[in-house]
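The values are calculated or read from the model by the stated rules, or taken from the named source; none is laboratory data. Since the model is a prediction, treat every value here as computed from it, not as a measurement. Virtual Cβ from ideal backbone geometry, glycine too; neighbours counted across all protein chains shown.
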Amino acid sequence: MNPGIYTHSKTGNLYKVHFVAKHSETLEELVVYEALYDNKESKYWVRPLLDFQKEVEINGKKVPRFVFVNPVRNRTPDANEVVKKTNLTIFLSSVKNKSKNKASAISNGVK
């Protein structure tokens, strides 16, 4: 089972599969997935892997219940990437504020 985005064949709704877990008592494999639409019942779901991979009948045709659409890149950035991004955000914020202050001073007749 690949993590990624799947579409439900009957509804067309999109879901993000996070991983496959095991039931603590039966060791049955369960798919842990997330609704990518506003679902009032729940955002996160589990379903037996075999059920997730089952075929369903639509208009007399057997199709997979869930169809893989796109992989998800679940990569945790390393510390250097976080620091670089934070420093860039701080720098860009300060440049923006300096520009605003300069524009304000010019519009008030101060040079």
**Prompt:** So, in segment 20-36, of the ones that are of a type outside the set (A, V, I, L, M, F, W, C) and surrounded by 11 or more Cβ atoms within 10 Å (Cβ to Cβ), which residue ends up nearest to ASN2 (Cα to Cα)?
**Reply:** TYR33
**Prompt:** Can you name every residue in segment 43-60 that is assigned to a loop (DSSP other than H, G, I, E, B) and touching a residue at least 40 places away in the same chain (Cβ under 8 Å)?
**Reply:** GLN53
**Fill in**
(1) farther than 20 Å from ASN70 by Cα; (2) in contact with a Phe, Trp or Tyr (Cβ under 6 Å, 6 or more places away or on another chain) all hold for VAL32 apart from (1)
**Item:** Neighbours by Cβ (under 6 Å, 6+ apart or cross-chain): first from segment 17-42, in contact (Cβ under 8 Å) with a residue 24 or more places away in the chain and assigned by TED's automatic domain parsing to the domain that holds VAL67; second of a type in the set (A, V, I, L, M) and in a loop (DSSP other than H, G, I, E, B)
**Value:** VAL20/MET1
